[in-house]
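See structure below.
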Amino acid sequence: GLIAAIRKEAKDLARATGVRARVVVPDEIGRLTPEAEAAIYRVVQEALHNVAKHAQASSVTIQMSREDGRVKLLIEDDGVGLPPRAGSSSHGRSFGLVGIRERIGMLGGAVRVSSGKGKGTRLEVTVPAEQISAEELSLVATAAQGGVHGKN
């Protein structure tokens with residue numbers, strides 16, 4: 001599931017770079033639609049890649065919460081911060097942020113980035129938290145195991 005995948009990404013980052021990675025996700029998050037889970041996973045992947053490559057951070061925290069029909073993802077590092085205008089596509093290393101904004105925007109979500117020189121970076125993502133039904137979860141699990149191939 002999503003939470004296990006996020007934990008694995010955090011462990012991989014710590015093992016590869018030495019950056020302490022902390023994941024805080026309450027059990028109440030539950031399962032989301034496959035589209036929302038994929039988008040959140042890709043955001044975490046991209047953010048951790050940026051931490052490893054650019055942040056010069058010693059630690060990063062990944063938090064998720066569910067409130068008011070939305071899931072909030074917060075990724076904070078204690079690195080050097082983003083350079084000015086990092087949100088524009090004029091810098092080669094900012095396309096990841098543009099992609100994150102597009103991916104989350106397609107779900108009706110929002111992205112907010114705050115950063116200061118020497119103060120790290122804070123990435124906040126919110127997406128609608130449509131809970132996946134038990135029936136849909138069963139279909140997703142069956143498909144993932146190769147059980148749905150158009151057979152009657």
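Multiplying the residue separation of Q45 and R15 by 0.36 nm and subtracting their alpha-carbon distance yields 9.3 nm. With R₀ fixed at 22 Å, the C-beta to C-beta distance from K53 to E102 puts the FRET efficiency at about 0.60. Computed on protein heavy atoms with a 1.4 Å probe, the accessible areas place E76, E28 in the order E28, E76, largest first.
The values are calculated or read from the model by the stated rules, or taken from the named source; none is laboratory data. Note that this is a predicted model, so its numbers are computed, not measured. Here Cβ is always computed from backbone atoms with ideal geometry, including for glycine, and neighbour counts include all displayed protein chains. Surface accessibility is based on the protein's heavy atoms, side chains included, excluding ligands, DNA and RNA. Shrake-Rupley method; radii C 1.70, N 1.55, O 1.52, S 1.80 Å.
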